[in-house]
Amino acid sequence: MAATTRTKKRKLKKKRIMIAMIVLVAIIAVASFGIYQICFHKKEVKTVVTVTDKIANGYDYTITDEATKYSKDLFSKLKKELSKDSVDEENYAKLETQLFISELFTLANKVNRNDVGGVQFIYKDYQESFTKEAMEGLYHYVENDIYGDRKQELPEVVNVDVINVEQKEYILNDEITDDKAYYIDVTMNYAKDLGYQNSATVVLIHNGKRLDIVKMTEK
């Protein structure tokens, strides 16, 4: 009778240990899942970009939710201009240049040094080299903000003024000549002066319906 009682106690003890282990595993699993969800959510907030507006019909421009209010306003003006039956090409060139400068030199909303702004306005064959040059130069010291905890102070363009517009010849790679390329001089203002470039000359050439940027120099 005593042996039977001891056997029952051992079985009960083993059963309790098994239950405790199952509960412990379940707790660890739930905690791990919760941590994963938190980390994933934080990452998703900073890495998933949502296109909020676009300009189709052969132009193929987009704007995302990460863009500044100033960039979004410029995009709306550009969309309105390009939706006209008769586009004012000079105004198109000005607005594209302003938006390009705003997107490129605003670093405060960029996730990291790879998140180069304004690339969509660059002549397609130059986009890769332009991105690489920006990453090694202007964007080189942009700290990673994938978790939204960056403390680094970075510039935000709040206004781009067009100072001068001129049309003259531009030769692309000794092969393509645009006799009426746009040379546009601009100055930019920032929310806070952190010592970044504040003037530029941008060159745009005709490429089908589009005007594509092929060169930018500091004025």
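Read-outs throughout are calculated quantities, based only on the coordinates presented, and are distinct from any laboratory measurement. What you are looking at is a predicted structure, and each value in this text was computed from that prediction instead of being measured. Here the Cβ is made from the backbone with ideal geometry for all residues, glycine too, and neighbour counts use every protein chain on show.
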TODO: Name the residues whose placed amide hydrogens come within less than 5 Å of the amide hydrogen of N207, ignoring near sequence neighbours (fewer than 5 apart) on the same chain.
DONE: D212
- [ ] Under 16 Å Cα to Cα from K219, which aspartates and glutamates show up? Leave out anything in the same chain fewer than 8 places away.
- [x] D161, E166, D185
TODO: Quick one: net charge around I63, please, counting Lys, Arg +1 and Asp, Glu -1 for every other residue with C-beta under 14 Å from its C-beta.
DONE: -1
- [ ] Would you pull out the residues with amide H under 5 Å of K215's amide H, same chain only if 5 or more places away, H placed 1.01 Å from N?
- [x] V203
Task: Cα-based shape type of the stretch 72-219, given that a ≥ b ≥ c are square roots of the gyration tensor eigenvalues and the cut on a/c is 1.5 - done: prolate
- [ ] Using R₀ = 22 Å, calculate the FRET efficiency as 1/(1 + (r/R₀)^6) where r is the Cβ-Cβ separation of M135 and T217; round to 0.05.
- [x] 0.70
- [ ] Measure up K72/K94; K80/K192; K80/K110 against 25 Å on the Cα-Cα distance and list the ones that go over.
- [x] K80/K192; K80/K110
Task: Packing rank of 119-125, 86-92, 181-187, where each peptide gets the mean count of other beta carbons within 10 Å, highest leading - done: 181-187, 119-125, 86-92
Task: Tensor-based shape of the stretch 36-159 (alpha-carbon gyration tensor, a/c under 1.5 rounded, otherwise prolate or oblate) - done: prolate
Task: Segment K77-L194, extension gain: residue separation times 0.36 nm, minus the distance between their alpha carbons - done: 39.3 nm
